[in-house]
Amino acid sequence: MEGQKNNNNNNSIERVVSQKAIQMGSSFPCQICVVGFLCGVCLTSLFLAALTSFGTFQLGPISFSSTMLFSVAASDSSSSSGNSTSHDHTVTHSECDFKLKQAERLSESNSNNEGDEDERVSLLYSAWNAELTKSKTGGGGNYFKKDGINVSDIPNAPHLENCKVKTKLYGHLDQRTGNESFPPWTSWKGFLDTHPVASSNEQIKELKYQAVSEGTYPPWIAGSDEENYPMTRKVQRDIWIHQHPIDCRDPNVKFLVADWERLPGFGIGAQIAGMCGLLAIAISEGRVLVANYYNRADHDGCKASSRSSWSCYFFPETSQECRQRAFELMKSKEARNNGIVTIKESYTSKHIWAGPTPRKWGTPWSYLQPTTDVNGSLLVSHRKMDRRWWRAQAVRYLMRFPTEYTCNLINEANHAAFGTIAAKMVIESLAGGWPKFGQQSGEKERSEINEYVWSNHKPWIPRPLLSMHVRMGDKACEMKVVEFEGYMELADRIRRHFPNLNNIWLSTEMQEVIEKTKKYPHWNFHYTKVRRQARANMSMANYEASLGRETSTNYPLVNFLMAVDSDFFVGALGSTWSFLIDGMRNTGGKVMAGYLSVNKDRFW
């Protein structure tokens, strides 16, 4: 009886406590406390489970899925409702345990996937870098065999060019074949001309010859007539024919042999502008221009006969036969006295720099359409329209084909700037994953469309791309210098019209400009990694001397070609370098892309 009485008392007490608990639980503050307590239990269990799964007590990243976050939010929302019953907030042990394990697996999966992807991207970038170095130096070996990766396992690098193959193609297109009167230019592009059907089919050969003789245009011109300066394609064809006579030993063939300007105060832009003037003289006088010593190519990077020659960077301005003939005539006093061969010193500086533009093609500059913007208005005309048009034609011809050396420089710049982005893009495109260690994929996929059609596509770069040349430093003595913020205002103007524009290729000699890019986190800046000027009063000549001849030549030319290939351009009209970039773009299918300038200076 005593025990039964005690049990009844205990049951009574439990009923009282339960009723009190229910009354307390029905209150809103208590509901908050209960839910908070249960959430705390779940989070604590999650934390302990994560520590246990690692095997050691090391802290690592914890990832929450969007479904877990939504669940917590839904729970908080329901707890604030006065109509909710107590069982709505009850979280059983099994449910909590299930959610913890689900979150734990998701956390581990996300963490491992992200880590693995970063590792694969880094590995692919390094593999491409090794292949790039090997192709440049001609070395051999498989750098990643220790990791179970063969060369055949490495995916193609979309941002890199096959420089050896492309240079071979350029050589094919820059000379006559056998006794042909013209080079093998065709109405199609790239390697299609080397397809077995095209090379063996006599009808195709006849049609090709007919097309070339009737005026097929040079393959280095991109775009239609409407996308270039007036008569660009015809002028480029005529310049090539003028510079490549069929018989260089014909007594009627005359020559102009000229070294490039080499005074310390002459930058690369001034040197090119000077050679453009000499080419104008040569065409006007019916001479073949032979460019001789080029001091900026006088370094160890330019090998063998290309050392000290423009041909280290771009295809030569004339054939090797004409060069040899010109140098033979240079040794003849009679040839010099009779004017068969002349030299740069035969002409005044004024004639070279401000001489008349060749009138062989009439006055096509008289109908140039305005696509240059200054202060929100198009620049309709200026005093030197003929010079602008001619220098664009001349520099396009002189830079018509890059050499293998220059192609490798562009590859290195592309890989440094875009290699990681390209590797991530490729990794994401490979559904089967890469690499599959210990599994050989065999030779890379080969097909005729790869070899003859797609091989002509330009290397991938993030597009649209805006090129920006910020010229400051000692240029203040020649033109109005504009701060970096002024250039960025123009970039923002372009972006308002083209909102998908996010990338800027930046070229500048000033370190302060690079540092100011941090103020614009909504832009992606890409630039060559080279030491820049720390102070504005250093002359360009002293700055280039501090870099050394090879670096001070290579990186500006890379920037130049990147600017030419970019979708948009912002520069300064007062800068000769910007002036030449604009000319190359206007003979490269970019007339309608326009040009935004931060100033209107000098002869404009």
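Think of a 1.4 Å ball rolled over the protein heavy atoms: region 465-597 then has 38 Å² of accessible area per residue. Between region 507-577 and region 276-312, the alpha-carbon centres lie 25 Å apart.
How much of the accessible area of region 217-370, probe 1.4 Å, is carbon plus sulfur, in whole percent? List each step's numbers first, then the result.
Values: 3530 of 6970 Å².
Accessible surface attributable to carbon and sulfur in region 217-370 totals 51 percent.
For region 453-604, rounded, prolate or oblate, judged on the Cα gyration tensor with a ≥ b ≥ c (square roots of eigenvalues), a/c < 1.5 rounded, else prolate if a/b > b/c? Don't jump to the answer; show the numbers that get you there.
Numbers: a/c = 1.43, a/b = 1.29, b/c = 1.11.
Taking the square roots of the gyration eigenvalues as a ≥ b ≥ c, region 453-604 is rounded.
The heavy atoms of Ser552 present about 10 square angstrom of accessible area, all protein chains included, probe 1.4 Å.
Along each principal axis, taking the top coordinate minus the bottom one, the Cα set of region 217-370 gives 46, 38, 32 Å in descending order. Per-residue surface analysis assigns Lys360 an accessible area of about 120 Å², computed on protein heavy atoms at 1.4 Å probe radius.
Relative contact order of region 213-328: what whole-number percent is it, with Cα pairs under 8 angstrom and at least 6 residues apart?
Numbers: 118 pairs, mean separation 28.1, N = 116.
After rounding, I find 24 percent.
Calculate, for Arg496 and Lys424, the FRET efficiency according to 1/(1 + (r/R0)^6) with r their C-beta to C-beta distance and R0 22 Å; round to the nearest 0.05. Don't skip to the end; give the middle numbers.
Details: r = 29 Å, r/R0 = 1.30.
Computed FRET efficiency for Arg496 and Lys424 comes out at 0.15.
Which of the residue pairs Lys134/Lys168; Lys189/Lys529; Lys164/Lys303; Lys424/Lys516; Lys303/Lys350 have a Cα-Cα distance greater than 23 Å in the structure shown?
On the way: Lys134/Lys168 18 Å; Lys189/Lys529 34 Å; Lys164/Lys303 16 Å; Lys424/Lys516 28 Å; Lys303/Lys350 35 Å.
Flagged as over cut-off: Lys189/Lys529; Lys424/Lys516; Lys303/Lys350.
Under 17 Å from the 7 Å Cα→Cβ point of Ala545, by amide nitrogen: which residues of region 286-316? 295-296, by backbone N distance to the label point.
Heavy-atom accessible area with a 1.4 Å probe sorts His244, His195, His522, largest first, into His522, His195, His244.
Could you order Trp353, Trp389 so the one with the most accessible surface comes first? Probe is 1.4 Å. Numbers along the way, then the final one.
Details: Trp353 70, Trp389 0 Å².
Accessible-area ranking of Trp353, Trp389, largest first: Trp353, Trp389.
With every protein chain in place and a 1.4 angstrom probe, the accessible-area ranking of Phe314, Phe182, largest first, reads Phe182, Phe314.
Pop the C-beta distance of Ser126 and Arg307 into the FRET formula with R0 = 41 Å and round what comes out to the nearest 0.05. All intermediate terms of the calculation are to be shown ahead of the outcome.
Values: r = 32 Å, r/R0 = 0.78.
Computed FRET efficiency for Ser126 and Arg307: 0.80.
What is the sum of charges around Val121, taking Lys and Arg as +1, Asp and Glu as -1, for the other residues whose C-beta is under 10 Å from the C-beta of Val121? Kindly include the intermediate steps, with their values, before the conclusion.
Values: positive: Arg120, Lys424; negative: Asp116, Glu117, Asp118, Glu119, Glu428.
After counting each charged neighbour, the total is -3.
So, R0 is 41 Å and r is the distance between the beta-carbons of Ser152 and Val530; what FRET efficiency does that work out to, to 0.05?
On the way: r = 35 Å, r/R0 = 0.86.
It comes out at approximately 0.70.
Quick one: how many Å² of His351 are accessible to a 1.4 Å probe, rounded to 10? Number for this one is 70 Å².
Working from Cα pairs under 8 Å separated by at least six residues, relative contact order for region 465-597 is 34 percent.
The values are calculated or read from the model by the stated rules, or taken from the named source; none is laboratory data. As the structure is a computational prediction, the values presented were derived from the model and not from experiment. Every residue, glycine among them, receives a Cβ derived from its backbone with ideal geometry; neighbour counts consider all protein chains shown. Quick note on the areas: whole protein, heavy atoms, side chains included, nothing else; ligands and nucleic acids left out. Shrake-Rupley method; radii C 1.70, N 1.55, O 1.52, S 1.80 Å.
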